[in-house]
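Enquirer: Structure below; questions to follow.
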Amino acid sequence: METNEKKAFLEELQKAPEIYVIMSVCTKMPYVYCEPESYDDQVFLFHKEEDAKKLVEDYRQHENPIVAVKLENKQFLGFYSSLFMMGVNGLNVDFGTENAQSIQLTDLVRRPDYSKLPEGKVKVENPELQLTTIYYMQEIRRKPGIGQQPRFREMEEEMITHFREGTFIVPVQTADKENGEKESKVPFMKMKNGDVYQPIFTDMPEFFKFCRDGQFRAAVIPYAKLNSVILKQAKGVIMNPFGVRLILNKGQF
């Protein structure tokens, strides 16, 4: 796009009363698409619901479950900012229509600057891990058994590599003991079969999906120390349980 055309397009997108974002049923996150020419990691946005639904139907015919979700203008900034934490760098607007445009995320919003955080404050985000996990889960959850195919082994290995490079948020609750001393407790999640997993999170937005009432504080744990805080009765960890919901057993990571 020419400079003036691009400026007008961005202003229109910022002022739109609503947009429709394509979400993956497999991850409960925005569906991420790798643009074949630029290799940008993009999410799909549409101005019109009917255009969004056309893409939804096309993907469903290819056994790829997605849905279109409406966002109001007041939700735009929070949504766009969250994409940085997912490792997304591009927006694919009105895909499949005569008005289709691809833009960089930074053309629309500025990436938050965490270089001047107060002393003692640490910003936790794992965009590479989030992105590789999203791509992996978008594929293996499309239909039962597909994850056993050899082509997914490389994707899984890349995901585990980023997991081992990560820093995580572990929820902790401080409680009073009978003798008046304080003790720290960590929550666990029990599966339908009775297996216990410990929740961990890649960033604060994911943590807040779990802890909306403030009963847990966020403990920042680098991967090297993760095993030392996992409950003995836990079979492993469940990363972002209300997002990608990656379950890893002890020994896998």
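Enquirer: Ordered by residue, what ³J(HN,Hα) values in Hz, to whole numbers, does the stretch 201-208 give under the Karplus form 6.51 cos²θ - 1.76 cosθ + 1.60, where θ = phi - 60° and Gly and Pro are x?
Expert: Once θ is set to phi - 60°, the couplings for the stretch 201-208 become 9, 8, 6, 5, x, 5, 4, 5 Hz.
Enquirer: Something else now. Considering the dipole of the chain built from charges on the beta carbon (Lys and Arg +1, Asp and Glu -1) around the Cα centre, which of GLY96, VAL170, TYR136 is farthest to its positive end?
Expert: VAL170
Enquirer: Counting only protein chains, not ligands or nucleic acids, how are CYS34, CYS211 ordered by accessible area (probe 1.4 Å), most first?
Expert: Working: CYS34 55, CYS211 5 Å².
Accessible-area ranking of CYS34, CYS211, largest first: CYS34, CYS211.
Enquirer: What's the magnitude of the charge dipole for the stretch 1-78 around its Cα centre, counting Lys and Arg as +1 and Asp and Glu as -1 at the beta-carbon? Answer in Debye, nearest 20. Walk me through the numbers before you get to the answer.
Expert: Numbers: 10 positive and 16 negative charges, 77 e Å.
That gives a dipole near 380 debye.
Enquirer: Let me ask something else. What fraction of the Cα pairs in the stretch 1-91, stated in percent, has a spacing above 21 angstrom? Don't skip to the answer; put the middle values down first.
Expert: Working: 1384 of 4095 pairs.
Roughly 34 percent, once rounded to a whole number.
Enquirer: How tilted is helix 76-85 with respect to the longest principal axis of the chain? Cα atoms for both, answer in degrees (0 to 90, nearest 10).
Expert: Compared with the principal axis, the helix lies near 60 degrees.
Enquirer: Remind me, relative contact order of the stretch 42-116 in percent, using alpha carbon pairs under 8 angstrom and six or more residues apart? Mind dumping the intermediate values first?
Expert: Numbers: 71 pairs, mean separation 26.6, N = 75.
Dividing the mean separation by the residue count of the stretch 42-116 yields 35 percent.
Enquirer: Given the -39500 (n - 2.57) contribution per DSSP H run of 4+ residues, what per-residue ellipticity at 222 nm results for the chain, rounded to the nearest 500 deg cm²/dmol? Intermediate values should be presented prior to the final figure.
Expert: Values: 8 runs with 79 residues, N = 253.
When only DSSP H runs of four or more count, the value is -9000 deg cm²/dmol.
Enquirer: Could you give the semi-axes, largest first, of the ellipsoid that matches the chain, computed as the square roots of 5 times the alpha carbon gyration tensor eigenvalues and rounded to whole Å? Kindly include the intermediate steps, with their values, before the conclusion.
Expert: Working: eigenvalues 246, 104, 54 Å².
Equivalent ellipsoid of the chain: 35, 23, 16 Å, largest first.
Enquirer: Something else now. According to the Kirkwood expression over distinct Cα-Cα pairs, how big is the hydrodynamic radius of the stretch 1-47, in Å? Please report the intermediate quantities before stating the final value.
Expert: Numbers: mean 1/r = 0.0801 Å⁻¹.
Radius from the Kirkwood sum: 12.5 Å.
Enquirer: When only Cα pairs under 8 Å and 6 or more residues apart are kept, what is the percent relative contact order across the stretch 1-136? Don't skip to the end; give the middle numbers.
Expert: Values: 187 pairs, mean separation 33.8, N = 136.
Relative contact order comes out at 25 percent.
Enquirer: Moving on. Which lysines have a Cα less than 22 Å from the Cα of LYS123, not counting those fewer than 8 places away in the same chain?
Expert: Within the straight-line cut-off, LYS123 pairs with LYS209, LYS225.
Enquirer: Over the chain, what is the relative contact order in percent, taking alpha-carbon pairs closer than 8 angstrom and at least six residues apart? Walk me through the intermediate numbers first.
Expert: Numbers: 400 pairs, mean separation 40.5, N = 253.
Once divided by the residue count of the chain, the mean separation gives 16 percent.
Enquirer: Now a separate question. Taking Rh as the Kirkwood radius, which is the inverse of the mean 1/r over Cα pairs, what is the Rg/Rh value for the stretch 132-253? Provide the component values of the computation, followed by the final result.
Expert: Details: Rg = 15.8 Å, Rh = 15.6 Å.
We get a ratio of 1.01 for the stretch 132-253.
Enquirer: While we're here: Give me the one-decimal nm value for the distance between modelled label points at ASN73 and GLU165, 7 Å along each residue's Cα-to-Cβ direction.
Expert: Modelled inter-label distance: 4.0 nm.
Enquirer: I would also like to ask the following. Roughly how large, in nm² to one decimal, is the mean projection of the convex hull of the alpha-carbon atoms in the stretch 50-162? Spell out each step's value before the answer.
Expert: Working: hull surface 39.6 nm².
Average of the hull's projected areas for the stretch 50-162 equals 9.9 nm².
Enquirer: Now for a separate question. How far is helix 49-61 tilted, in degrees, relative to the longest principal axis of the Cα atoms in the chain, given as a value from 0 to 90 rounded to the nearest 10?
Expert: 70 degrees
Enquirer: Ranking request for peptides 22-33, 37-48: highest mean number of other beta-carbon atoms within 10 Å first, then the rest in descending order. Mind dumping the intermediate values first?
Expert: On the way: 22-33: 20.2, 37-48: 18.3.
Per-residue Cβ counts within 10 Å, averaged per peptide and sorted highest first, yield 22-33, 37-48.
The values are calculated or read from the model by the stated rules, or taken from the named source; none is laboratory data. Since the model is a prediction, treat every value here as computed from it, not as a measurement. Here Cβ is always computed from backbone atoms with ideal geometry, including for glycine, and neighbour counts include all displayed protein chains. For the accessible areas, the whole protein counts, side chains as well, though only heavy atoms, and no ligand, DNA or RNA atoms are used. Shrake-Rupley method; radii C 1.70, N 1.55, O 1.52, S 1.80 Å.
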